[in-house]
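Accompanying notes for the structure given below.
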Amino acid sequence: MRRARITSLATYVPPRLLTNADLEKLVDTTDEWILQRTGICQRHIVEKGVGTSDLAKEASLVAIERAGLTPDDIDVIIVGTTTPDTLFPSTACRLQTKIGAAKAWGFDLGAACSGFTYGVTTAAGLVSSGAASHVLVIGADVMSSIIDYTDRTTCVIFGDGAGAAVVGVSDDEAIGILDFENYVDGAFGEALQMPAGGSLMPASAETVEQRLHYVKQDGQAVFKFAIRNTEEACRRLLERNRLSASDVDLFVSHQANRRIIMSAAEKLGVAPEKVVINIERYGNTTAGTIPIALDEAVKDGRLKRGDLVLLASVGAGFTVGSILLRWGTKQ
Ligand code: UT7
């Protein structure tokens, strides 16, 4: 088996900002409440007519270049997204054409906020087995397309953004993706969902009138599940690898709420200075948060070759994922 690693990373967020002050004009909320309860100051939002594949394209082309590759070298494209351009064709197919990855096959991966972690673990399996050499993994969402901007309990949280990683063969057995711990718990699915628009409740005048094509969530239930399971998945992963939280150099968790991340890190025993937080500038970009946060950590010089990195995600489903890796990219 070959060791897989993240060879390169890149991100893209649309330029337009939606600040807490903007939201104060849309719903009954305050900058103070949003900041205190979520840690968010602003989010990036697309202009009308921009889809997930457009954000993914910008991030992908840079990631491919940083890996020292061309689009022709990409074997597989995996797009983790909850907001595909269309139900079909897949965003992966649209992206394949946009970036000119002539030899790639690919698919969309529906795991909500775990889209990137599940994408990376899937890619690592393909690379390790020899089935692929270069897998382009995207975490991208245009959450503004499914957010109800009259619902203050959801509209303050989400933003749009994309991250792309090339997963390839490691040049050093000690560097790369070491292990992962993924699981789902479908019993709590209704706590975070978009009720209409699928086969169960196809779009109709009634579903539109009842605003069922927007994100609905039981915030408290998601909050508690996220803290408990971020800790649980990471603990299992560390224990299995005979490591402790103090061995972790950088903890990059899904950015859903500052309080969720810090509480999970504290319960796990990861020191606050090892926790990456950038939610204040992007909000929750769903599948985009982890690659965006990881890419920023790289740019900020917070990672050096050989560092132990712990990625963690909890998303609608519920989906839970964590990945342990030794850092070492070309960037
Ligand atoms: O990727 C996964 C995506 N989702 C999540 O991760 C969500 C996880 N949950 C959360 O992040 C938090 O539960 C929220 C940010 C959604 C809500 O924070 P909370 O501290 O759990 O607030 P709460 O739901 O307990 O509500 C407290 C109060 C309520 O008012 P009353 O009943 O105490 O009078 C809410 O109506 O805050 C009110 N409230 C707001 N007030 C001002 C809820 N949303 C807002 C708002 N502005 N935007």
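Counting only residues that are crowded, with 21+ Cβ neighbours inside 10 Å and away from the ligand (no atom under 15 Å from the Cβ), how many does the stretch 143-162 have?
1
Collect the residues in the stretch 20-52 that are free of Cβ contacts under 8 Å to residues at least 60 places away in the same chain and open to solvent by less than 70 Å² (accessible area, probe 1.4 Å), keeping them in residue-number order.
21, 22, 30, 31
Please note which helices (runs of 4 or more DSSP H) are completely contained in the stretch 238-318 and include at least 2 residues that are within 22 Å of residue 12 (Cα to Cα) and within 16 Å of the ligand (Cβ to nearest atom).
Values: elements: 258-268, 279-282, 289-299.
The helices (runs of 4 or more DSSP H) meeting that bar are 279-282, 289-299.
In the stretch 212-227, which residue that is within 15 Å of residue 155 (Cβ to Cβ) and more than 9 Å from the ligand (Cβ to nearest atom) is least open to solvent (accessible area, probe 1.4 Å)? Let's see the steps before the verdict.
First, the residues of the stretch 212-227 that are within 15 Å of residue 155 (Cβ to Cβ): 213-217, 219.
With the extra rule that they be more than 9 Å from the ligand (Cβ to nearest atom), the set shrinks to 213-214, 216.
On the way: 213: 44, 214: 65, 216: 62 Å².
Per the stated criteria, the residue is 213.
From 112, 101, 92, 59, which residue is open to solvent by less than 20 Å² (accessible area, probe 1.4 Å) and either acidic (Asp, Glu) or farther than 18 Å from residue 287 by Cβ (or both)?
Details: 112 fails: either acidic (Asp, Glu) or farther than 18 Å from residue 287 by Cβ (or both); 92 fails: either acidic (Asp, Glu) or farther than 18 Å from residue 287 by Cβ (or both); 59 fails: either acidic (Asp, Glu) or farther than 18 Å from residue 287 by Cβ (or both).
Just a single option satisfies the conditions, and that option is 101.
Going by the structure shown, is residue 276 open to solvent by less than 20 Å² (accessible area, probe 1.4 Å), at pLDDT 95 or above and over 19 Å from residue 221 (Cα atoms)?
Working: open to solvent by less than 20 Å² (accessible area, probe 1.4 Å): yes; at pLDDT 95 or above: yes; over 19 Å from residue 221 (Cα atoms): yes.
So residue 276 fits the description; yes.
Inspect all residues belonging to the stretch 209-218 and state whether any of them is over 18 Å from residue 323 (Cα atoms), modelled with pLDDT of 95 or more and polar (S, T, N, Q). Walk me through it before giving the result.
So in the stretch 209-218, the residues over 18 Å from residue 323 (Cα atoms) come out as 209-218.
Going one step further and asking which of them are modelled with pLDDT of 95 or more, we end up with 209-218.
Filter once more, keeping what is polar (S, T, N, Q): 210, 217.
Yes: the stretch 209-218 contains one or more residues that are over 18 Å from residue 323 (Cα atoms), modelled with pLDDT of 95 or more and polar (S, T, N, Q).
Determine which member of the set 190, 173, 209 is within 16 Å of the ligand (Cβ to nearest atom) and more than 20 Å from the chain's Cα centre (by Cα).
Details: 173 fails: within 16 Å of the ligand (Cβ to nearest atom); 209 fails: within 16 Å of the ligand (Cβ to nearest atom).
Only one candidate passes the filter, namely 190.
Among residues belonging to the stretch 84-107 that are assigned to a helix (DSSP H, G or I) and not polar (S, T, N, Q), point out the one that is nearest to the chain's Cα centre (by Cα).
92
The values are calculated or read from the model by the stated rules, or taken from the named source; none is laboratory data. For clarity, every value in this text was computed on a predicted model and none was experimentally measured. No Cβ is skipped: glycine too gets one built from the backbone with ideal geometry, and neighbour counts run over all protein chains shown. When the accessible area is computed, the model is the full protein with side chains, heavy atoms only, and any ligands, DNA or RNA have been set aside. Shrake-Rupley method; radii C 1.70, N 1.55, O 1.52, S 1.80 Å.
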